[in-house]
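Below: the structure, in structure tokens.
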Amino acid sequence: MRNENQLKSDQSFESIYASLKETHQVFKELVRERKEMQKEYDKERKEMQKEYDKERKEMQKETKEMKKETREMKKELEKMYAESRKESKELNRQLGGISNSNGDVAEAYFYNALKRDKTFVNEKFDHIKRNLSYNNGEKGAEFDIILFNGKSAALIEVKYNAKPENISVRRIISRVEIFKLLYPEYKNHNIYLAVAAMTFRNGLEQRLHRNGIATIRQMGKKMVVYDKEVKVF
């Protein structure tokens, strides 16, 4: 009986041993597979890192080149800006010269036209003066053209192109007081005001007429005076 039990015990041990051996073999296989997987993973990770480092270096190189191009572009823009400012100043100087030249042409035209008979607002004048500047120490003014006689004076402002930006009705009227202050002998005389120009813009003529200021303009080869609404200041 004992021998039979011993036999069964031995068989059971062998069965357990075989099972453990098989389990150990499976475990070893799992360990091997895991090592292979780890090895493959490490290989892929190194390749990815290598690729990443390569791309990062290329990006750094591109960034460096872009910064260089940006600096060069900035220098070029600054140079262009400086040249543009220089050209703009030169253009403004030239345009200013043209403007002054046009003003001189207009002034010469109206001065010569008025000088021929010295008639204005149906009144004959004895003298005509051009480009007069006066200053009594307190107030001063410049007058483009002035007509004089024993009882009246006409103050004429000249522009090549008269427009609201360069003609102020209030300023023109205010010059009457300055004229009488600088010329006290004319304080009781009739003072007429006028604006002479080759062209008038933006309804300026009508505004001047409403304020009693005459207008003089060139039409073809003639000088035309509008004085229907002119008043004595």
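Go through A197, A214 for me and flag whichever is in contact with a Phe, Trp or Tyr (Cβ under 7 Å, 6 or more places away or on another chain), of a type in the set (G, A, S) and farther than 13 Å from F120 by Cβ.
Going through A197, A214 in turn, the sole match is A197.
Can you name the residue in segment 180-226 that is in a strand (DSSP E or B) and β-branched (V, I, T) and is also farthest from N112 (Cα to Cα) among such residues?
Here the residue is I191.
Go through segment 160-174 residue by residue and tally those that are assigned to a helix (DSSP H, G or I) and farther than 17 Å from Y134 by Cα.
2
Consider E177 carefully, then state whether it is without any contact (Cβ under 8 Å) to a residue 40 or more places away in the chain and part of a loop (DSSP other than H, G, I, E, B).
no
Can you name the number of the only condition in (1) over 21 Å from S152 (Cα atoms); (2) of a type outside the set (D, E); (3) touching a strand residue (DSSP E or B) at 6+ places or on another chain (Cβ under 9 Å) that F179 fails?
(1)
Looking only at residues that are farther than 12 Å from I167 by Cβ and surrounded by fewer than 16 Cβ atoms within 10 Å (Cβ to Cβ) in segment 200-225, which one is modelled with the lowest pLDDT?
Result: K221.
Can you tell me which residue within segment 151-174, out of those that are in contact (Cβ under 8 Å) with a residue 60 or more places away in the chain and not hydroxyl-bearing (S, T, Y), is farthest from K118 (Cα to Cα)?
Only one residue fits best here, namely I173.
Could you grab me the full set of residues in segment 108-130 that are surrounded by 15 or more Cβ atoms within 10 Å (Cβ to Cβ) and touching a Lys or Arg at 6+ places or on another chain (Cβ under 7 Å)?
Taking segment 108-130 and keeping what is surrounded by 15 or more Cβ atoms within 10 Å (Cβ to Cβ), we get 109-111, 113-114, 118, 120-121, 123, 125, 128, 130.
Hits for segment 108-130 are Y111, K118, F125, I128.
Testing R170 on (1) touching a strand residue (DSSP E or B) at 6+ places or on another chain (Cβ under 6 Å); (2) at pLDDT 90 or above; (3) not hydrophobic (A, V, I, L, M, F, W, C), one condition comes back false. Which one is that?
(1) is the only condition that R170 fails.
Taking segment 202-226, which residues are aliphatic (A, V, I, L, M) and within 15 Å of I156 (Cα to Cα)?
If the condition is that a residue be aliphatic (A, V, I, L, M) and within 15 Å of I156 (Cα to Cα), then L208, I213, A214, I216, M223, V224, V225 are the ones that fit.
Only one of these is in the same structural domain as N122 (by TED's automatic domain parsing) and surrounded by fewer than 17 Cβ atoms within 10 Å (Cβ to Cβ): K180, K159, K163. Name it.
K163
The values are calculated or read from the model by the stated rules, or taken from the named source; none is laboratory data. Since the structure is predicted, the reported quantities are computational estimates derived from the model, not experimental observations. Backbone-built Cβ (ideal geometry, glycine too); neighbour counts: all protein chains shown.
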